[in-house]
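Structure record follows, encoded as structure tokens.
The values are calculated or read from the model by the stated rules, or taken from the named source; none is laboratory data. Fair warning: this is a prediction, and the values are worked out from it, not measured in the lab. Methodologically, a virtual Cβ is constructed for each residue, glycine included, from the backbone with ideal geometry; neighbour enumeration extends over all protein chains shown.
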Amino acid sequence: MGSATMGDLVMAGFQKLGFIQYAGIEGVEFDAGRNVVSIAPRPEHLNHNGDLHAAVLFGLAETAAMGAAVSGIVDLMGATFIVARDGRIEYLARAKGAAGPFLATSEFPAGTVERLRADIAGRVAVELEVPVEIADGSGKPIAAATFTAVIRPRRA
Ligand SMILES: CC(C)(COP(=O)(O)OP(=O)(O)OC[C@H]1O[C@@H](n2cnc3c(N)ncnc32)[C@H](O)[C@@H]1OP(=O)(O)O)[C@@H](O)C(=O)NCCC(=O)NCCSC(=O)Cc1ccccc1
């Protein structure tokens, strides 16, 4: 199965979730080791300053990160337990509602997916650091985040 088809499958799964629907998060790019998702702010996503609510930005970042974490292992997920252990976000600049759409990009350095697949094949538990950057519609960085994905052989 090609990565475009896998991306469609992963995003279709995300689209069933209430938070994803509420936030209007959409898939933009999906490839092994890379995931980009976007949000076009609606009035209910904004805070008292008219900026994207911090929790919505965190949710956008987490969606990008966990999508990237699974992007190179979709075919192995049946045998794999995967959850986010933690996440940290730095809000670098105001995410003004009118400056959308906002794009969250999560991408691994070269070799990460290959190592992860080898660890899964070897039934080695992994703690994967997953970076995310969020930019506004002009490309200006507005947040940087890091998540830890726990990836283990699924217990019977
Ligand atoms: C698992 C760990 C991170 C580490 O804890 P540790 O002390 O080392 O582990 P411990 O042994 O205590 O097990 C704890 C629980 O985990 C389960 N389990 C563990 N290993 C296996 C296994 N090999 N196979 C099967 N299950 C396993 C175990 O049964 C137990 O369940 P229980 O509680 O009995 O029902 C724990 O702190 C935790 O679950 N945190 C919450 C994580 C969370 O909810 N994140 C938020 C969002 S998730 C997300 O991102 C969604 C997403 C994913 C993918 C794509 C897109 C989106």
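Listing for the model above:
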quantity: Matching residues in region 22-41 - criterion: being over 16 Å from ALA143 (Cα atoms), under 12 Å from the mean Cα position of the chain (by Cα) and among the hydrophobic types (A, V, I, L, M, F, W, C); calculated: ILE25, VAL28, PHE30
quantity: The lone exception for THR63 - which of (1) surrounded by 17 or more Cβ atoms within 10 Å (Cβ to Cβ); (2) of a type in the set (Ser, Thr, Tyr); (3) away from the ligand (no atom under 16 Å from the Cβ) it fails; calculated: (3)
quantity: Criterion violated by ALA54 - all others in (1) loosely packed, with under 14 Cβ neighbours inside 10 Å; (2) away from the ligand (no atom under 15 Å from the Cβ); (3) touching a residue at least 40 places away in the same chain (Cβ under 8 Å) satisfied; calculated: (3)
quantity: Restricting region 28-51 to residues that are more than 20 Å from GLN15 (Cβ to Cβ) and of a type in the set (A, V, I, L, M), the residue that is surrounded by the fewest Cβ atoms within 10 Å (Cβ to Cβ); calculated: LEU46
quantity: Of the criteria (1) at pLDDT 95 or above; (2) in a helix (DSSP H, G or I), which one ASN49 fails; calculated: (2)
quantity: ILE151 in contact with a Phe, Trp or Tyr (Cβ under 7 Å, 6 or more places away or on another chain), outside any loop (DSSP other than H, G, I, E, B) and in contact (Cβ under 8 Å) with a residue 12 or more places away in the chain; calculated: no
quantity: Selected residue (criterion: farthest from VAL56 (Cα to Cα)) from residues of region 120-156 that are more than 10 Å from the ligand (Cβ to nearest atom) and among the acidic types (Asp, Glu); calculated: GLU129
